[in-house]
Each structure stands twice: as C-alpha cells, then as structure tokens.
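A short worksheet on the structure shown next.
The values are calculated or read from the model by the stated rules, or taken from the named source; none is laboratory data. Bear in mind that the values here come from a model prediction, so they are computed numbers and not experimental data. A quick note on method: Cβ atoms are made from the backbone with ideal geometry, for glycine too, and the neighbour counts reach across all protein chains shown. All accessible areas refer to the heavy atoms of the entire protein, side chains included, with ligands and DNA or RNA removed. Shrake-Rupley method; radii C 1.70, N 1.55, O 1.52, S 1.80 Å.
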Amino acid sequence: MSELPLVSILCLSYNQSKYIVESLESLKSQTYKNIEILICDDYSKDNSVDVINNWSSNNSNLRIHLIAHSQNMGICKSLNDLLSVSKGKYIITLALDDLFENDKIERHVAILEKSSPNDALVFSNAYLINDESIYYQNTFLPYFHKYLNLESGNFYERLLSDNFLPAMSCLIKSSLVKEIGGWDENLTFEDYDMWLRLSQKYNFIYDDTKSCSYRIHSTNTHKKKDFLEKSFFDIYLKHKEEPIIKHKISQIIERAYKENKLTDQHKKYLRELDNITLKEKLMLKNTGKFTYNTVIFLQKIYYRSW
C-alpha cells in the first residue's frame, strides 16, 4: 500500500459533537488506507475536542493530527492551517457531520491517477441524510442545483451561474490548491471561490456516482439567508468583472435596498462603478422605496413607448 499516493483529509469541526464519531468512522472504514486525518476544531463551544481526542486515542494506528483553535478563526483559516501540515498528493475536505462511502477515496484516487495535467479534481453527486443518518429520496445535485446531467470538462462558465459542486465529494490535486494560494481567509465560504479560481485554469472530472453524504440539519449555513447573502457578495466582488457576476451583485444590492439593509460595502461598490445606472444612482442616494419604484416604473413606460 505504500506505493499508493497519500491522501490528506482536511476535517472541519465546529459544535458537531453529535456527529463526529460517525463521520470519523466513515474515514476509518475506507478501503483506501494510505490516508492522513487532519482535523481542525475552530473553537467549538460543545465537547467536540474531547470527542475527537477520545476517538483518536482509540484509533492510535491511524495517522491523526488535531489543531484546536483557541478562538474562532473561520473555515478558510482552518483549512489553510490544515493544508500547511498536509503531506498528501491529493486533498479532500470534510465537515465532521458529513460521511464518505467506503470506497470513495479509492475510487477517486484511481480516477485522478489516470487524469491529465489539465484536470484539477474529481467530484460526484452526494446522498442527503438527516440528523439520524436516514437518507432522503432526493440527492445533492438535483435538490440544491437542479443538475441532472453533467459531463467532465471546464465548468467555469457554469460555476459563474451556480455553485453546484458538493464540496465533500471533491478530491483535489493538492499542488494546484497550493499553486493558487490556498483558501482566501477574507471570505466566509471556502468552496465557491476555490472552484472559480481552479476552473479558470483547469478542468474538473465528474464521476457519475454518489460518493458521500451531506447532512441536512438546523444549523446548516444554507438555511441562513442573511449570512449567505453577505458571504456570496464578498465572493462576487472578487469576480466582479464577469457580466454574470455583475448581475448577481446588482440583484443582491437591489434586494438589500428594498429591505432597508443596504450596507457600506454595497454603497462602496455603487460609488466605484464606471457607468452607474439610474437605478443604482437612486439606491445610492437612498431616495426611498416610493420614489425609487415610481422612477423605475416611469422609466420602463418610457422605453416601451419607443
């Protein structure tokens, strides 16, 4: 087994003590054995660190390394800390409430070992499970993103429209993650910006299977609307030269304006636009919803009359 490439599993822990053992057991049961389990606990308030330490003590035959933050540093900082101590040819990230199928790593290492230098990663669909690890009928790609058919290739244009990759399914060439500087610690989200930067230069391989399970529960970030909007806005700013992203930024700002949630960051973006539209000028001047809606309505009537 020593001739097989090492895989570094970058595990993220934050207040997930209920699920940690099950998640780590899914790593222990991998048919592919040349792995290192690198865990970062980002200052959990529950007993997650104790659970991790107990499991590690009972599995001393495995290569396990724990980094326990003394304050909350965020996902991207946690991943970069793990990346800095990783030694694997390939890396994969896993939140310690999600699960791997037993042959997940073996299957995807085999695919990447045969891949071209233009391929950055392999990904797949994922099962959806609840708090009790019971499967939902739907799966990740169609549930979150409506994708039923995918083929390997370059996903940059598609990713500009939608972040559809299940992060826990992605086995990545670690050299390429390091080449682009790891995860951006100014961002809240770890995966979307990483996929955009990688796909600008490299292709992704799609494996038509379900290699892992994503757990849906009350603390999932996808259920927190304001948190998501802020996180995506920060990512969009990095890629604002793309027309699709510009449109997404405009939609977020307009929605925030109508909900009286316009931030200084939103206003800064508007002030820095080269060609600011009437709609954007009204939002920047904070004219009020009645004036804003009236002017936009009259503008539409004007253009229809031509």
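If you roll a 1.4 Å probe over the heavy atoms of the protein chains, what accessible area per residue do you get for region 27-144, in Å²? Intermediate values should be presented prior to the final figure.
On the way: 5430 Å² over 118 residues.
I get 46 Å² per residue for this part.
For region 113-238, would you read off the P(r) tail past 18 Å as a percentage of all alpha carbon pairs?
For region 113-238, the fraction of Cα-Cα distances above 18 Å is 56 percent.
Provide Rg and Dmax in Å for the chain, with only Cα atoms included in the calculation.
Spelled out, the Cα radius of gyration and Dmax of the chain are 21.8, 76 Å.
Normalising by the residue count of the chain, find the relative contact order in percent from Cα pairs under 8 Å and 6+ residues apart.
Computed over the chain, the figure is 18 percent.
Would you mind telling me the antiparallel percentage of the DSSP bridges in the chain, rounded to 5?
Details: 9 of 36 bridges.
For the chain, the DSSP antiparallel bridge percentage is about 25.
Taking Cα atoms, how many degrees apart are the long axis of helix 225-238 and the longest axis of the chain, rounded to 10 and kept between 0 and 90?
Roughly 90 degrees between the two axes.
Report, ordered by chain and residue number, the lysines lying within cross-link reach of Lys210, taken as a straight Cα distance under 17 Å and ignoring same-chain residues fewer than 8 apart.
Within reach: Lys104, Lys146.
Once both axes come from the Cα atoms, what is the angle between helix 104-113 and the longest principal axis of the chain, in degrees from 0 to 90, rounded to 10?
Computed tilt is about 80 degrees.
Based on alpha-carbon centroids, what's the gap between region 34-69 and region 89-128 in Å, whole number please?
Cα centroid to Cα centroid, the span is 21 Å.
For region 239-282, compute Rh as the Kirkwood radius over C-alpha pairs and then the Stokes-Einstein diffusion coefficient at 20 °C and 1.002 mPa s; write the answer in µm²/s, rounded to an integer. The partial results should precede the final answer.
Details: Rh = 10.7 Å.
Answer, rounded: 200 µm²/s.
When you count, for each residue, the other Cβ atoms within 10 Å and take the mean per peptide, how do 87-95, 253-261 rank with the highest first? Present the calculation step by step, with values, prior to reporting the outcome.
Values: 87-95: 21.8, 253-261: 15.6.
Descending mean neighbour count gives 87-95, 253-261.
Measure nothing fancy, just the Cα-based angle from helix 48-57's long axis to the longest principal axis of the chain, in degrees from 0 to 90, nearest 10.
In the chain, helix 48-57 runs at an angle near 20 degrees to the longest axis.
For region 124-184, which whole percent of the accessible surface, found with a 1.4 angstrom probe, sits on carbon and sulfur atoms?
47
Run lengths n ≥ 4 of DSSP H only: what is the helix-derived mean residue ellipticity at 222 nm for the chain, with -39500 (n - 2.57) per run over all residues, to the nearest 500?
-12000 deg cm²/dmol
Just add up the charged neighbours of Tyr292: K/R +1, D/E -1, any other residue whose Cβ is under 12 Å from the Cβ of Tyr292.
+3
Tell me the net charge near Glu179. Cut-off is 11 Å between Cβ atoms, Glu179 excluded, with +1 for each Lys or Arg and -1 for each Asp or Glu.
Working: positive: Lys173, Lys178, Arg197, Lys201; negative: none.
Net local charge, Glu179 excluded: +4.
What are the semi-axes of the equivalent ellipsoid of region 184-256, taken as the square roots of 5 times the eigenvalues of the Cα gyration tensor, listed largest first and rounded to whole Å?
Over the Cα atoms of region 184-256, the ellipsoid semi-axes are 23, 20, 11 Å.
With all protein chains present, how much of the accessible area of region 22-80 (probe radius 1.4 Å) comes from carbon and sulfur, to the nearest whole percent?
Values: 1290 of 2770 Å².
That share works out to 46 percent.
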